[in-house]
Every structure is written in C-alpha cells, then in structure tokens.
Amino acid sequence: MSKVSGKDSLIPDGVRKLLLWTHGDERRRPRYVYTIVIVLGLIWGMATAYLGLTPPIYSSKWTLILPGKGASANFNLVDIGQASTGSASPYSNSVTNPRANYKELITSNTVLRMAAEKHGMAIHRFGAPRVKLVDQTSLMHLSITGESPEQAQSKAVALHEAFSELLDRLRRDELEQQEMGGNSILIGFQRKLREASGNLLKYQSDSNIVSMEQFNQLVLTVEQLRREMIQTRAELEDVQGRSKQLVSNLGVTPQQASDALILQNDKLFTTALREYTDARQRLNTNASKWDRNHPEVRKEHARESAAKQAMNKRVKILLKGRNGELIDLLSLAGDNTRNALLQELIAMDAKYNGLQKRRDKISVLIAEMEHERSSLTRPAAMLDDLKRNHQVAEAVFISALARTDIAKSDIYVSFPLVQLLDEPLLPTKVSSPNKMLTITGAFVASIFTVTGLVLMWIRRPFLRRILKSE
C-alpha cells in the first residue's frame, strides 16, 4: 500500500504529530498539558461566567385539580311526561382529555395576553408557563418564572385569574349558544302546542261534547241502567209470582182485598154489617119456627133489608162508586191471619205497580241515552284524538323546557370545574442559574475531557496505525 502524504491527509500535521508523539518526542507531553489546561479553562470559565453574569430567575409553582364525574337528573311530570338530563364524565372519553385541553388553553396566546395585561407587561416578556400533567390523576402542576420572587408570584396569580376568566367566558358563550338553539326549538314546540290547544277548544265549543269524561260517564250510566233494568225485572217477576200465589190462596183479587180492608176499617159499615148479621141469624131462626108472614119473621126481614141498604150505601161511598157483590164483600171478613194476608196481597200489588212504572221509566232512559251515545260516538273519537295530540304536544313542550332549564344548571359539561389545589407560592430560592447543577456539569465535562485525553495518550499504537493508514 502506498503511503499517503500529510498534504493529502484529512488530519492536520500538528494534530498528527501531537497524537503520534512518542517518548522520544519531547514536545508531545507539553502539548497534552496545554490542551488539558485550555479545555478545562474554557469549561470552568464558561461555568463561572454563566453563574456570574446570568441574572437570577425565580419560579412560582401552583397546582390545579379537575374534580369531575358524570351527573344526571330525572323527574316525572304527572300526567304529562318525563324529563331527564345527564352529562358523561369528562374522563370517560379515551380520545380527549380535559387536562390536555386545559394545558393548551393556559399556554394559549389569549390567556398569556390577558395575564400580561393584568400584570402590565408585554406578552413577549411575560413568557409562557410550564405545565406538567400527572398520569392517572386529574392534577396539573404549573410553574412560571420571574426576575424576582414577587414578580414570579404575581405572574402566576395573573395567569390563573386570566385562565379562570377565559373558562367563565367560554362557559357563558356555550350556554348562550345552547339557549339560542334551545329557544328556537322551544318556539316550534310552543307553536305546535298552541295549534293543538286551539283545535281542541274550537271542537269543544262547536260540538255537544266537551270532554271524554262526559262520554265515559254517559256509557257508564247506560251500563248502570241496564243492570238496574235486569234487577227490576227480576224483582217484578218475584213480586208477580207472590201476588198470584196470594190471589190463589185467598180467592180474591188485589182490588177486592183492598176494598175489604177499607170496609173493615169503617165503623158505620162494621156496625151495619153486625146489624145485618144479627138480623139474618134471627130471621133464619124465626123462619124455622114460623112462616114468612109471621110478625117476628117479617120484623127480622125488614131489619135485614134495612141493614143491607145501609151497607150498600156505605159501600158506594167508601168504594167511590165501585159496585161489588155484597155477599163477596161479606165473605172477606175473617180472622187476623186472613187480614194479614190481605194486607200482604195489597202491598205486593202496590209494589208490582211501582216496579212496572220503574221498568218503563228505565226503558225510556236507556233508549234516550243509547241514542245520545250513538250520536256522540264519532265526536268523542275525534275529541279523543285532538286531546291526545294536545297531550303529546304539551308533554313534548314541557319536557323540552325542563331539559333546557336543567341543562342551564350544568355549566361544566364542556369545560369541567377546575380548582386551585396549591396556591402560587412565593419562591424562596433561585431556580436559575442553578449553581450546583452548573458546577456538577463543569465537573463532569472536566472528567470527560481528561479521560478522553488519557485514553488518547495510552492508545498510541492503535492511533498510529489509524493515522498512518490515512
């Protein structure tokens, strides 16, 4: 292989001679010493200049927490409908995270400009905060720097106030937009409700039916009358059967039984009846002894005729001109048991007549109400449809109104609540420049430099081969 001249080599001759110095080369050691002194001087000179010339910077820190979870509300409106609202937890969505959104908001130009105006500083001098999100928590650690502890703390306070004001403004804007959209929807629902109410009222005023309760009550009344008719017919058959049995047992009609009781309760008739009975008995006794021309027979016969005329006269007066066989009326006179049966027969007859009138009256009422029900069937169906439309419109309107009002109460749907966990603190020590970190960095750089030169020193044979191959 041909040897490459130093002119064509990529490494300068001075560096080549320094690296390829041998123990016979007395200038190699000083060169390494000079290199170490120069590099270490630069390192510690820059560190000293950084610590001496850089103005102190203070950092104020504070912590925010975002407590939030899903909330819901549900309530019923009696006979109208149900209203409910709910909001999911802001942390339930794997795509978006409110902490990341808030990190962008708090570092946005809008918040920084508002904070800078509060602090009376230009936005380029105000600076941006540092935000750290703690995993698996809802915490946000924030910090901002200042030229003094008081300035750092005041900038932190101004930044937090500006962030809170921006959140409030965004929440108000969201509510206003929701209210505008909700009002337009409510206006449409309200218009439909008014139309349904107007149609219902107009139909009620034009028709003979004003409510479904009226029709239902009519149907219920008809059914009640039908049941009453069945009961009345059953009672009528029972009374008729008992009356026929009494007529068969007593051998008299109900009218005759009534006439007999009237006569038995009249004193003049009973007196004439006793006189007639006594004269007839005496006449029969005398007629068995003497002939009919005998004075005693003629006397009792005249007495019997007078008593019978008195009875007939009294019958005409008491029975109001009704004629009946006197013998039949006389045969009605009997004991108390028979009189009780006669009274029962009369009562059954009166009850029978009353039940017949009641049956006829119910029959007329059923016919009238059946006709009225038939005439109201179609209007009732139309009214029911209009009322159902009105109830649906009312339920939709009130439910929408309730949901809108409930939604207004939840202002943390899109922008969850944020709370100040740790207030901005007044820094007690300088955050930059960090003396310990600077010295440590310079010391580490020094060690790396010395170590590198030492390695270069002891690896001469390897370097010689590499350099000679250039």
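Values in this text are rule-based calculations from the coordinates and carry no lab data. Note that the coordinates shown come from a computational prediction; the quantities given were computed from them, not determined experimentally. Virtual Cβ from ideal backbone geometry, glycine too; neighbours counted across all protein chains shown.
Assorted remarks:
- For the stretch 301-308, putting each phi into the Karplus relation 6.51 cos²θ - 1.76 cosθ + 1.60 with θ = phi - 60° gives couplings of 5, 5, 5, 5, 5, 5, 5, 5 Hz, in residue order, rounded to whole numbers and with x for Gly and Pro.
- For Ile57, distant residues with modelled amide H under 5 Å away: Ser431, Ser432
- Fraction of alpha-carbon pairs over 29 Å apart in the stretch 214-386 - percent: 50
- Relative intensity, log₁₀ I(q)/I(0), of the stretch 121-200 from a Debye sum that treats every alpha carbon as a point, q = 0.13, 0.14, 0.18, 0.24 Å⁻¹: -0.64, -0.69, -0.89, -1.10
- Annotation for the stretch 146-216 versus the stretch 370-397: alpha-carbon center distance of 33 Å.
- Placing a pseudo-label 7 Å from each Cα along the Cα-to-Cβ vector at Met436 and Leu53 gives an inter-label distance of 2.7 nm.
- Pairs from Lys289/Lys316; Lys244/Lys361; Lys118/Lys429; Lys267/Lys351; Lys202/Lys357; Lys132/Lys429 whose Cα-Cα separation, in the structure shown, is over 31 Å: Lys289/Lys316; Lys202/Lys357
- Overall Cα dimensions of the stretch 170-303 - principal axes, largest extent first, Å: 139, 30, 28
- Computed magnitude of the charge dipole of the stretch 214-386 (debye, nearest 20; Cβ of K, R +1, Cβ of D, E -1): 1020
- With neighbours defined as other Cβ atoms within 10 Å of a residue's Cβ, the residues Asp385, Asp206, Asp259 order from fewest to most as Asp206, Asp385, Asp259.
- Cβ crowding within 10 Å ranks Phe397, Phe189 as Phe189, Phe397, fewest other Cβ atoms first.
- Projected label distance in nm at Glu150 and Ile230, using a 7 Å step from Cα toward the beta-carbon: 10.1
- Model label sites at Glu179 and Asn293, defined 7 Å from Cα along the beta-carbon direction, differ in position by 13.5 nm.
- 3J(HN,Hα) from dihedral phi, the stretch 379-388, Karplus parametrisation 6.51/-1.76/1.60, rounded to Hz, x for glycine, proline: x, 5, 5, 5, 5, 5, 5, 5, 5, 5
- The phi-based Karplus calculation (6.51 cos²θ - 1.76 cosθ + 1.60; θ = phi - 60°) puts the 3J(HN,Hα) values of the stretch 359-371 at 4, 5, 5, 5, 4, 5, 5, 4, 4, 5, 6, 5, 5 Hz, whole numbers, x for Gly and Pro.
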